[in-house]
Amino acid sequence: MAREALLRRISFYADLDDRDKAEVLALQGHEKRFDRNSEIIDAGQELDSVLIVKDGWAIRYKTLDDGRRQVLNVLLPGDMFDLQVLVAAEADHSVLAVTDLDTLSIAPSTFRNILTESGKLTLAFWWMQVQEEAFLREQIVRNGQQTARERIGHFLLELHRRVQIAQKGTRDGFRLPLTQTVIADALGLTPIHTNRVLRQLERDNLIQREKGWVVFKDADRLAEISDFDPSYFHLDAFRMRLGRSQ
């Protein structure tokens, strides 16, 4: 269920009690399914709901007048969009389903109510936004300063950690449904260059690609090469504050 996926996600950011968990699981809304490659939100579209990803992958992106596209980030199970509906009438970016996507649509008033009724839930959603901003900062540094090899390695490691939070994939890998064109658009590369770098990572025995999966053959070495430090997820600091282990 979308509510359970959301609960798994926000439970990383707040020490929720049974009442808070019940509030999330009782969220009122209706389920929507989007086919692969369908537009969920168009830039300029009037927004009317908050969506929770139940299953599947989507991308946020912006397109220039000449057709060039910048993928801003990737949406995974448990992610929410678009909270912009709480402060703006129109979307300033687009969202595309890259796989079949199951979502839960929630009215803005319903979401506002849950925030006003529980301080712990408000904190949890605030932490989610902190993490979203951290992802965007990493995206800026990744695309502005790193080489193509570093960008791709860093991007894959980030996605793997996010997939693990969503309780998908395995310790050593995950199913990656993004095309090389999408990866290229996320990292400011060409699809040809992206393909070349991925092949080189395979030849260097850092990753293995098979049947849509990416498996890390030497994640520690890839992290070192890519300057990947997962501390920007802010999970370890938060869990230490609660006295939890990851």
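The values are calculated or read from the model by the stated rules, or taken from the named source; none is laboratory data. Bear in mind that the values here come from a model prediction, so they are computed numbers and not experimental data. Because the Cβ atoms are built from the backbone with ideal geometry, glycine has one as well, and the counts that use them run over all protein chains shown. Side chains included, ligands, DNA and RNA excluded: accessible areas come from the protein's heavy atoms. Shrake-Rupley method; radii C 1.70, N 1.55, O 1.52, S 1.80 Å.
Observations
- Restricting the stretch 121-151 to residues that are in contact (Cβ under 8 Å) with a residue 60 or more places away in the chain and among the aliphatic types (A, V, I, L, M) leaves a set whose member that is nearest to LEU25 (Cα to Cα) is LEU121.
- The stretch 190-236, residues that are in contact with a Leu (Cβ under 9 Å, 6 or more places away or on another chain), part of a loop (DSSP other than H, G, I, E, B) and closer than 17 Å to ARG161 by Cα: LEU206, LYS217, ASP218, PHE228
- Just so you know, in the stretch 148-179 the residues that are of a type in the set (Gly, Ala, Ser) and in a helix (DSSP H, G or I) include one that is surrounded by the fewest Cβ atoms within 10 Å (Cβ to Cβ), and it is ALA148.
- Single condition ARG137 does not satisfy, out of (1) closer than 15 Å to LEU72 by Cα; (2) crowded, with 18+ Cβ neighbours inside 10 Å; (3) out of contact with any Lys or Arg (no Cβ under 6 Å at 6 or more places or on another chain): (2)
- Counting only strands (runs of 3 or more DSSP E) that sit completely within the stretch 1-87, those holding 3 or more residues that are open to solvent by 30 Å² or more (accessible area, probe 1.4 Å) correspond to 30-34, 58-63, 69-75.
- In a residue-by-residue description of the stretch 194-205, the property of being at pLDDT 95 or above and under 18 Å from ASN73 (Cα atoms) applies to at least one position.
- Listed by first and then second residue, the pairs linking a residue in the stretch 168-184 that is free of Cβ contacts under 8 Å to residues at least 24 places away in the same chain to a residue that is outside any loop (DSSP other than H, G, I, E, B) and open to solvent by less than 50 Å² (accessible area, probe 1.4 Å), with Cβ atoms under 7 Å apart and 6 or more places separating them unless they lie on different chains, are GLY169/HIS160; GLY169/VAL163; GLN180/THR194; GLN180/ASN195; ALA184/THR194.
- Residues in the stretch 162-173 that are within 12 Å of VAL74 (Cβ to Cβ) and at pLDDT 90 or above: ARG162, VAL163.
- Selection from the stretch 214-235 of residues that are among the β-branched types (Val, Ile, Thr) and open to solvent by 20 Å² or more (accessible area, probe 1.4 Å): VAL215, ILE225
- Filter result for HIS93 (open to solvent by less than 50 Å² (accessible area, probe 1.4 Å), within 16 Å of TRP57 (Cβ to Cβ) and either at pLDDT 95 or above or not aliphatic (A, V, I, L, M) (or both)): no
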